[in-house]
Structure formats: structure tokens, C-alpha cells
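Take a look at the structure below.
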Amino acid sequence: MKLINNQLLQERENFDIVIWITASKEMSIAKLQKAIASQIEVTFCGDECETRRAGMLFETLSRKSRFVVILDDIWEAVSLEKVGIPEPSTGIKLVLTTRSIDVCQKMGCRAIKVKPLVEEEAWNLFSEKVGRDILNVTGVEPIAKKIAKRCGGLPLGVITVASSMKGIDNLFEWRNALKELTEHKQSINGLEDEVLQQLQFSYDRLNDPKLQHCFLSCALYPRDRSIGERELVQLWIAEGLVEEMDSRQAEFDRGHTIMNKLLRNCLLEVFRGSDNKRLIKMHDLVRDMALHITSAKPRFLVKAGMGLREPPNVQEWSEDLEKVSLMRNRKLEVLYPSEMSPPKCPILTTLLLPGCGIKSIPKGFFNHMDGLKILKLSRNPIKSLPNSISNLKNLTALLLAYCDHLEYVPSLSKLRVLKELDLRGTKIKEVPHGMENLSSLKYLKLEDFLKNVNEIPSGLLSRLSCLQDLNVGRSLISGKEVSELKKLETFEGSFYDLDNLNMYLQAFHGREDLSQFIILVGKRKWGTEIYTSKRIELWDCDIYPNQIMLPRHIEELHVTNCAYYGPEEYPIFSRFVLSSLGTFSSLQYLVIWQINNMKKLFSPNSMPLNLKELKVSECRDLEEIIASEEIGWEERGRVTMEFCLPELKRVDLEVLPKLKSICSVDAVVVCESLEWFAVKLCPILKRMPLKLPQVLPSSSPKLCIYVDRKKWWEAVTWDDPDIKSLLKPFLSFADKIARNFDEKLFQLKRDKLQLQLKRDELQLKRDELQLKRDKLQLMQLLRDKLQLARVATQLARDEWQLHLKRSNLLISKLKLDNEH
């Protein structure tokens with residue numbers, strides 16, 4: 001902002017005066033008025049009221065036709081009228097900086113978000129502040145770059161950290177600074193006072209303890225990890241930071257509102273994931289600030305994602321701990337030394353341990369954790385839970401998802417306030433003891449659970465009367481039991497048959513539809529892609545002439561491997577009715593696969609008009625997609641009937657050997673949003689009654705037409721004789737694709753062979769090199785052997801010489817004795 005101010009001061013031809021006021025958290029209207037007055041030569045006597053001062057400033061500024069007012073670091077919206085600043089207009093400009101988007105909105109400003117510095121910019125700023133002479137010290141620059149990167153592009157952090165290191169030419173101090181930054185110890189001179197205190201302004205300004213606790217909970221997740229927005233809100237709900245409401249959706253709405261407040265105060269960052277859902281992230285320095293706060297009160301122990309191999313020291317499990325997060329330390333394995341007495345953490349409310357590789361927990365670990373509310377052990381290879389869990393009477397969430405070795409959970413009968421239970425993907429062979437006593441349970445996940453038991457025990461679910469979110473996956477349950485859950489909002493599960501589906505829907509008649517349902521009727525043989533949150537699948541069902549009831553807001557319907565026993569001339573889709581009067585206006589995706597004895601799919605008046613995708617496959621008796629009406633052209637006056645499907649984007653017609661027509665000869669299907677149209681193995685289909693997006697030689701609509709054979713395409717007719725030539729650029733043939741595939745496969749095989757040949761050549765060269773080395777070693781061995789032989793010969797000679805000397809000595813001695 002100082003740079004902008006200086007630049008504007010140099011452009012006198014554009015503005016008569018530039019007023020720059022650095023505001024602060026404690027800035028009042030009176031202080032703002034005095035600061036402006038000092039820059040435009042207005043003198044206050046001291047006894048004027050706020051309104052009088054505003055009038056004096058307004059009068060002086062109004063006489064100046066061109067000026068800029070810069071309000072730097074504004075914390076709250078300011079009334080320009082009360083201050084005495086004329087409203088911005090031609091020649092009069094207002095520029096302000098703030099940490100809160102709400103301030104911009106309340107003051108009617110166009111918000112421009114300042115992005116963090118990129119790595120190169122941050123390094124240039126750091127270099128400038130720390131000084132080139134220091135960076136020239138041997139070994140300092142690589143460490144300095146890591147420290148600069150650690151500041152995450154926040155100019156304030158870069159400047160403060162660099163300034164604190166200015167003049168330090170000792171390599172040991174630089175290494176220590178990097179270590180302290182990495183470990184979040186704020187002992188570097190000035191860092192705590194300058195960075196954390198300024199970042200903490202936004203935190204303090206929340207002025208709501210629950211809002212502040214929601215923010216602090218974000219620091220429980222690993223550094224640099226994006227957090228699913230729903231996951232975070234779910235944590236807040238479990239912690240009681242979101243007040244309990246009549247519905248789970250209302251609680252999530254409240255949680256999202258809290259999230260937006262934190263985002264508007266720039267305490268959190270948001271971006272979109274691959275599925276376009278919002279992901280939340282904490283800036284590194286903001287997280288450091290949160291951890292700094294939680295090092296005192298409320299006290300947290302956070303070592304998430306730090307690659308721990310050893311558990312925290314016993315002393316770290318202090319009595320004043322409120323929350324602990326060790327998540328994502330995959331090689332931790334041991335949570336707490338079994339030989340030590342259990343930790344005493346009476347006010348601990350949250351314990352997050354997912355993905356830690358924990359194989360066992362000491363028996364009495366939970367003995368002194370009476371206040372524990374949330375226990376998350378998901379994705380750990382633990383086989384059994386200690387019995388001390390049974391006495392956690394304040395526990396509201398027990399989350400054990402995908403503990404794929406878990407076989408034993410102790411009795412849950414005392415956990416009367418438990419609201420969330422997640423047993424997805426465990427190896428538990430039966431429902432935990434006491435589960436029927438969980439009268440407060442709202443959220444139950446049993447997907448991929450009870451793999452060895454095909455159904456939930458009868459009568460269990462109906463006793464859990466508070467359930468709002470139920471997921472039993474492919475375990476078969478009774479429609480009657482589910483219908484007795486009056487508070488249910490989302491449901492994913494499997495019914496035995498169509499009678500159970502009808503029973504469930506009849507009980508819901510007159511009640512609001514679930515906000516989400518994914519229901520399987522029958523036994524699915526393989527998984528299918530899910531497009532929406534309101535889906536019904538019928539597998540291996542017998543469809544009789546009586547009507548089949550479906551939820552009124554259904555968005556996705558799959559009918560697979562079913563047998564139709566109605567009149568052959570009666571369209572099968574007419575068998576489906578909604579649970580309340582209405583049309584299928586919400587239906588977007590329809591998949592019909594392997595239906596026997598079905599000749600017609602739709603009647604003219606049963607078409608779902610908002611359909612986006614239609615896939616019909618392997619229905620060997622199907623003759624018409626939209627059935628022809630009995631009434632003739634003469635009675636209708638030879639008017640072409642149009643079926644308008646404005647949302648239709650994709651159509652797949654596959655393996656339909658008896659399909660004769662898509663609709664009658666006097667009708668067309670208007671699908672001007674179509675992007676994909678595929679016809680495979682429909683040999684007697686000869687007419688394409690489709691009105692496609694406008695196709696011109698110069699246009700390039702999002703359209704792809706895929707057919708199996710060129711011969712079929714040449715024989716098929718379109719109502720518009722010119723359309724075929726126009727569609728040529730968007731056309732693909734299966735036989736051509738097959739040839740291309742064969743060519744690519746051949747090329748792939750050839751490349752693979754060439755690669756193998758290169759590998760063989762390389763191996764041959766390696767073998768030749770090794771052979772040369774072996775030869776050299778052999779020659780050296782022979783040399784050594786020869787040398788050894790020479791040494792042995794020399795030794796033999798020396799020994800013979802010694803023997804001769806001894807013999808000569810003995811002879812001499814004998815001669816001497818004879819002489820005597």
C-alpha cells in the first residue's frame with residue numbers, strides 16, 4: 001500500500017491530493033477524522049462534536065475535485081458520511097485494505113483479493129530484507145530459501161522472519177531457526193510478537209467462543225492438507241460447536257454458515273476439488289497461530305502428519321488436554337506404552353487417530369478420559385478395542401471406518417449419548433452388544449459391514465428412533481423397519497424385493513422425501529457408477545403388471561437383469577409411478593439393461609422430459625423406444641409430433657437386435673443439447689428421427705456420434721437429407737476404431753519387443769563387461785598363484801640351505817670331537 005501511495009503522489013496531474021491513513025483495530029471515527037484533518041490542513045479546536053468535524057472535513061474535501069483516500073488495514077465498515085468523506089465519484093477515489101470481505105461488501109467496494117507471493121517473489125523479498133551479505137555466507141542460502149518458502153508467501157511473515165535473521169552470519173543459528181520454524185516453536189526474535197499477534201487480530205475479532213473453537217479445530221489436521229468441507233462441519237457438529245437442531249441438514253447449514261464467516265475473515269482458504277466440492281485449507285502461518293493459541297488454553301496436542309514412529313511422551317498427556325490429534329502418522333503403531341499407567345485426561349473431548357498404523361491399545365487407556373466425546377480410529381490395523389471404551393458415557397462419536405482387521409468391539413450398552421457410529425469396512429462378524437440401547441444415535445454407517453452376515457438383525461433399526469442418516473450398504477433390511485424411522489433424512493441400503501420398496505414408500509406418503517437416498521432392490525452383482533444422490537436400482541426383480549412405486553423426486557433409475565411379465569404391447573416405463581401425483585420431472589439418468597420380454601420402453605405420455613442420459617442395452621425383445629400411438633395420421637391431421645428433451649446429453653443404444661424405431665414415423669425427438677449418441681448392434685434400426693444441435697460446416701458443437709459399422713450408417717435415413725454430410729466430422733466407426741486399436745496394439749507390441757531387445761543388448765554388454773572383469777580377476781589369481789609358487793620355491797631353497805648349514809655344523813662338531 002505504501003508503494004501505491006508513493007506512486008500516486010508522483011502523479012499530481014491525476015489527483016490534487018492523496019490521503020493515506022493507516023487504520024488499526026482500535027481506530028475510531030474521531031481518530032480517523034483527526035488523521036484526515038492533519039493531512040488536508042483542517043484544524044479542530046477540540047470541542048467539536050463528531051458531526052461538526054465531519055462537516056468541516058466534507059466541506060474542505062468537496063472543494064477538491066480530484067483526490068484519493070487510502071484507508072489501510074480497516075477492521076470494521078466505516079460510514080463515510082459520519083467521517084466526512086464525500087462518496088466516491090468521478091475524480092474521487094476510495095481505496096481500502098482489510099482482512100474481511102464483509103467490510104468490502106458493507107462499504108460497497110469492489111473486492112480484489114491479494115494472492116500470496118509466488119515462491120520467486122517471496123525469495124526476492126526475503127533476500128532484500130535479510131541482506132545479500134548474509135546470504136553470501138557459506139551454507140546459509142539453501143537454508144534461507146527453505147525458511148522463505150516456509151513463510152507460505154505471506155509478505156508479513158516473509159518480512160518479519162527475514163528481519164529477525166538480518167545480521168546473523170552464524171550457520172548454526174540459521175539451522176536452528178529452520179528447525180524451530182518447522183517445529184512451530186516461536187522463539188525466533190520478533191516472530192511471535194510481529195506475525196502471530198497480527199494474525200491473531202482476525203481470530204480475536206470473531207468475538208464468539210464457539211466460532212473461535214471451530215477455527216482452532218482446523219489446526220487438528222496435518223499441515224498443507226486440504227480438508228473436505230463436510231468432514232470439517234461434521235467434526236464441529238460432533239464436538240457440539242454447532243447447536244443441536246431438528247434436522248441434520250439444518251445443522252450442516254449452520255456449520256456451512258460458520259465456515260463462510262471464517263473464510264470471509266481470511267482465516268481459512270477455499271478451493272475446488274476434482275469433484276467440484278469445496279475443500280478447506282489453513283495457511284501455514286495461520287495454523288501456527290492457531291497452534292500457538294492452543295499451546296496454553298484451550299490446550300491441544302497436535303502432531304498430525306509428522307511421520308511419528310514413537311508415541312508422544314507420557315508427560316505430554318497432561319490433565320489439561322482438551323483435544324489430541326495424531327492423525328496420519330502411518331508408522332506410529334503404538335499409541336501409548338503398555339507398561340505405563342493410563343493417561344489422566346479428564347477434560348479431553350476429542351481424540352483423532354485415523355491412519356496411524358495402530359495395532360493395539362492398552363486395556364485401561366480410556367480409564368481416566370470421562371469427558372471424551374469424539375474417538376476417531378479409522379483406517380488402523382487394530383484387531384480389537386479395549387473394554388475401557390464401554391465406560392465412556394459422554395462419547396458422542398465412535399468412528400472406526402475401514403479398520404479392516406477389527407473383529408471385536410466391546411459392549412456399547414452404556415453409551416447412551418452416542419450419536420455417531422461408523423463401522424464401515426470392518427471385520428466384525430456380528431452387531432456389537434448393546435447397540436439396541438443407543439437411543440440417541442443419529443448417524444449409523446454399516447456399509448461393507450457384516451460381510452459374513454447378510455442381514456441386520458430384525459427389530460434393531462426400529463429401536464434407533466433418532467436415526468437421521470442410515471447407511472447399511474448391501475445388507476438386506478426390511479422396508480417396514482426403515483419406514484418406522486420418522487426422523488430419517490438420508491438412507492443408503494438394500495431391500496429384499498419390490499414389496500419392501502413399496503412398503504417403505506407407502507409409509508412415507510405425505511411426508512417430505514429424504515434429502516438423499518441410494519436404494520438397491522435385490523442383489524447387485526457388480527458396482528455401477530453413481531451420478532446423483534437420489535437413486536433407485538432394481539436388480540433381478542420380476543416386474544408384473546401391477547404398478548411399481550418410486551420416490552417422487554427420484555433423479556436416477558437403474559433397471560438391470562429383470563424379467564417383465566406384463567402385456568408385451570404395454571411400455572414398461574408406464575409400470576412406474578411416483579409416490580405422489582406428478583410426472584418424472586426430476587429423473588435425469590435412466591439405465592435399462594437386460595430386460596426380458598419387453599417390446600416398448602416409453603409411452604408417448606410417459607417420457608421423462610428432463611432426462612440427461614439414457615442407456616438401453618441387451619434388451620433382446622425391445623422393438624420401440626417410444627411406442628407408436630394407435631391414432632393415425634388422418635385423425636391427427638398429419639401433424640408431426642415432437643418429443644422435446646432439452647436436457648438430453650447422452651444416448652447409448654447397444655445390442656438391441658429387434659429394435660425397429662426410436663419413435664413413430666410421424667414423430668421426432670428434439671434433443672438440441674445432445675453431446676453423445678452411440679448405436680451398436682441394432683441391425684434393423686433404419687431411421688434416425690432426431691433433431692440435433694444446429695450443425696453448420698463452420699461450427700464445432702460438442703457432439704460425438706459413435707456407430708458400430710460404416711455399412712449401417714450408410715443405410716440409415718434421417719428426416720433431414722443434408723444432416724448426414726454435416727455430421728461427418730463428428731462420426732466414429734467401431735470397425736475403424738477396432739482397426740486403429742489393432743494398429744496401436746501392434747505398435748505397442750513392437751515397441752515392447754524393441755524395448756526388450758534394448759534391455760537384452762544392455763544385459764549382454766553388462767555380461768561382457770563382467771566377463772572381462774572375471775578374466776582380469778582370473779589373470780590376477782594366476783599371477784598370485786605364480787608368485788606364491790615362487791615364494792614356496794624360495795622357501796624350499798632357504799630350508800635346504802638351512803639344512804646344509806646344520807649338516808655342515810654337525811660334521812664340523814664331530815671332527816672337533818675326534819681331534820680331542
Picked from the range 81-99 (must be crowded, with 19+ Cβ neighbours inside 10 Å and not aliphatic (A, V, I, L, M)), the residue nearest to the chain's Cα centre (by Cα) is Thr98
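Taking the range 420-446 as the search range and keeping residues that are in a strand (DSSP E or B) and in contact with a Lys or Arg (Cβ under 8 Å, 6 or more places away or on another chain), which one is nearest to Ser378 (Cα to Cα)?
Taking the range 420-446 first, the residues in a strand (DSSP E or B) are 420-422, 443-445.
From what is left, the residues that are in contact with a Lys or Arg (Cβ under 8 Å, 6 or more places away or on another chain) are 420-422, 443, 445.
Details: Glu420: 13, Leu421: 11, Asp422: 9, Tyr443: 16, Lys445: 13 Å.
Within the range 420-446, the match that is nearest to Ser378 (Cα to Cα) is Asp422.
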Among (1) modelled with pLDDT under 95; (2) surrounded by 17 or more Cβ atoms within 10 Å (Cβ to Cβ), Glu455 falls short only on (2)
Any chance Gly167 is under 35 Å from the mean Cα position of the chain (by Cα), part of a loop (DSSP other than H, G, I, E, B) and of a type outside the set (A, V, I, L, M)
no
Those residues of the range 13-67 that are surrounded by 14 or more Cβ atoms within 10 Å (Cβ to Cβ), among the β-branched types (Val, Ile, Thr) and in a helix (DSSP H, G or I) come to a total of 3
Mind checking whether some residue in the range 488-500 is buried (at least 21 other Cβ atoms within 10 Å of the Cβ) and over 33 Å from the mean Cα position of the chain (by Cα)? yes
Reported set for the range 250-280 where residues are at pLDDT below 90 and outside any loop (DSSP other than H, G, I, E, B) is Lys261, Leu262, Leu263, Arg264, Glu269, Val270, Phe271, Arg272
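Okay, residues lined up against (1) in the same structural domain as Ile626 (by TED's automatic domain parsing); (2) within 24 Å of Glu618 (Cβ to Cβ):
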| residue | (1), (2) |
| --- | --- |
| Met503 | no, no |
| Gly522 | no, yes |
| Ser533 | yes, no |
| Asp542 | yes, yes |
| Thr560 | yes, yes |
| Val577 | yes, no |
| Ser580 | yes, no |
A careful count of residues in the range 585-599 that are part of a strand (DSSP E or B), modelled with pLDDT of 90 or more and more than 14 Å from Leu648 (Cα to Cα) gives 2
Checked against (1) under 23 Å from Val114 (Cα atoms); (2) modelled with pLDDT under 85, Ser62 satisfies every condition except (1)
Subset of the range 505-541, residues surrounded by 15 or more Cβ atoms within 10 Å (Cβ to Cβ) and more than 27 Å from the chain's Cα centre (by Cα), comes to Leu505, Ala507, Phe508, Asp513, Val521, Gly522, Arg524, Leu538, Trp539, Asp540, Cys541
Taking the range 90-110 and keeping only residues that are of a type in the set (Ser, Thr, Tyr) and either in a loop (DSSP other than H, G, I, E, B) or touching a Pro at 6+ places or on another chain (Cβ under 7 Å) (or both), one is left with Thr90, Ser100
- request: State whether the residues of the range 115-127 include one that is in a strand (DSSP E or B) and either surrounded by 16 or more Cβ atoms within 10 Å (Cβ to Cβ) or assigned by TED's automatic domain parsing to the domain that holds Cys49 (or both).
  value: no
Result of the Cβ filter at 6 Å on the range 516-544, keeping first residues that are basic (Lys, Arg) and partners that are assigned to a loop (DSSP other than H, G, I, E, B), at least 6 apart or interchain, is Lys534/His553; Lys534/Ile554; Lys534/Glu555
Could we say that Phe508 is of a type outside the set (D, E, K, R) and in contact with a helix residue (DSSP H, G or I) (Cβ under 8 Å, 6 or more places away or on another chain) here?
yes
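Could you pull out the residue among Ala290, Ala304 that is touching a strand residue (DSSP E or B) at 6+ places or on another chain (Cβ under 7 Å), in contact (Cβ under 8 Å) with a residue 12 or more places away in the chain and surrounded by 19 or more Cβ atoms within 10 Å (Cβ to Cβ)?
Ala304
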Expected single match for of a type in the set (Lys, Arg), assigned to a loop (DSSP other than H, G, I, E, B) and farther than 20 Å from Asn502 by Cβ among Lys615, Lys525 is Lys525
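The values are calculated or read from the model by the stated rules, or taken from the named source; none is laboratory data. It should be emphasised that the depicted structure is a prediction, and the values quoted were computed from it without experimental measurement. Please note: Cβ atoms are built from the backbone with ideal geometry, for glycine as well, and neighbour counts cover all protein chains shown.
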